[in-house]
Amino acid sequence: MKTPLALWMVAVLFLLHQFAQKILALHIPFIDSYFDPFAAAVLGLFVLQMEGKYLWKKKQFSFKWYDILVITIVLALVSEQLFPLLSEEFTSDPLDYVAFALGGVYFYYFLNK
């Protein structure tokens, strides 16, 4: 199976953003705040889709819209509620939920085949 360009774009942009933020100390506040949750939703859903395809040996595996909704909500809750309790390096931001939702929508339309 060929990896879709829509996934490569998010993955490469995520890695470039991490490099720029952590190594080059280049900070773009909007991107720093909201791209990671967006990418987490897209990449997390893709990993779970590949699990269904390869681990459970299903030739065609795609999520229903409600599967994506539930998985995205769980990812957002873990990231925005649990992680800040475990470490002070994480902060909760209500707009991160919007970024997660947009990542779920992106996955649904471009990667859920």
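Values in this text are rule-based calculations from the coordinates and carry no lab data. Everything quoted here is computed from the prediction, not taken from an experiment. Methodologically, a virtual Cβ is constructed for each residue, glycine included, from the backbone with ideal geometry; neighbour enumeration extends over all protein chains shown.
For this structure, a couple of remarks:
- Ordering of 101-107, 2-8 by burial proxy (mean other Cβ atoms within 10 Å per residue, highest first): 101-107, 2-8
- Scattering from the chain was approximated by placing one identical point on each alpha carbon and applying the Debye formula without solvent; log10 I(q)/I(0) at 0.11 1/Å stands at -0.38.
- Qualifying chymotrypsin sites (Phe, Trp or Tyr not before Pro) for the range 46-76 [loop in DSSP, other Cβ within 10 Å: at most 13]: W56
- Shape analysis of the range 8-59 yields a ratio of the Cα radius of gyration to the Kirkwood radius, Rg/Rh, of 1.15.
- Cα gyration tensor shape for the range 66-113, rounded if a/c is under 1.5, else prolate or oblate: prolate
- Only Cα pairs under 8 Å and 6+ residues apart enter the sum, and on that basis the relative contact order of the chain stands at 36 percent.
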